[in-house]
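Enquirer: The structure under discussion is supplied below as structure tokens; questions concerning it will follow.
Here, each number is a calculation from the coordinates, and none is a lab measurement. Everything numeric in this text was worked out from a predicted model, so none of it was measured. Cβ atoms come from the backbone with ideal geometry, glycine included; neighbour counts cover every protein chain shown.
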Amino acid sequence: MVRIKQKKQVKLCAADRLYYAICSLVTGILTVLVLYPMLYIVAASMSSAKALMQGKVWIFPVDFTLIGYQQIAKFSNVWTGYRNTVFIRAPAP
């Protein structure tokens with residue numbers, strides 16, 4: 001039978017625990033500050049204009065609609081941009 005050596009856990013001192021706690025708190029705050037605007041933009045783009053103007057949209061779409069995406073899809077410049085992204089820029093190292 002093969003014995004597996006177990007690594008000994010290093011016990012952190014109070015200063016290390018405080019440092020890790022502060023780093024975790026700052027990282028959590030920065031994550032919320034970055035993710036909330038992104039979620040808001042996605043929710044706003046999928047909500048009705050009326051719900052958006054009334055301030056009802058926060059994180060989740062209200063009165064779900066894809067009218068904005070339908071309007072954007074009508075512009076040929078958008079599709080040209082997607083084509084350039086996929087065929088010209090994406091394969092480059």
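Enquirer: With unit charges on the beta carbons (Lys and Arg positive, Asp and Glu negative) and the dipole taken about the Cα centre of the chain, which residue among L35, V2, A21 sits farthest to the positive side?
Expert: Of the listed residues, the answer is V2.
Enquirer: Can you compute the FRET efficiency between I67 and S24 using 1/(1 + (r/R0)^6), with r the Cβ-Cβ distance and R0 = 35 Å? Round to the nearest 0.05.
Expert: 0.25
Enquirer: While we're looking at this one, here's another question. Please label the shape of segment 1-45 as rounded, prolate or oblate, based on the square roots a ≥ b ≥ c of the eigenvalues of the alpha-carbon gyration tensor (a/c under 1.5 means rounded; beyond that, a/b larger than b/c means prolate, else oblate).
Expert: oblate
Enquirer: Peptides 29-35, 52-58: what's the order by average Cβ count within 10 Å, highest mean first?
Expert: Put in order of decreasing packing, that is 52-58, 29-35.
Enquirer: Dipole size in debye (nearest 20) for segment 1-73 around its Cα centre, Lys and Arg Cβ +1, Asp and Glu Cβ -1?
Expert: 740
Enquirer: Against the longest alpha carbon principal axis of the chain, how many degrees, from 0 to 90 and to the nearest 10, is the axis of helix 14-45 turned?
Expert: The angle comes out near 10 degrees.
Enquirer: From the P(r) of the chain, could you give the percentage of C-alpha pairs in the tail past 14 Å?
Expert: 80
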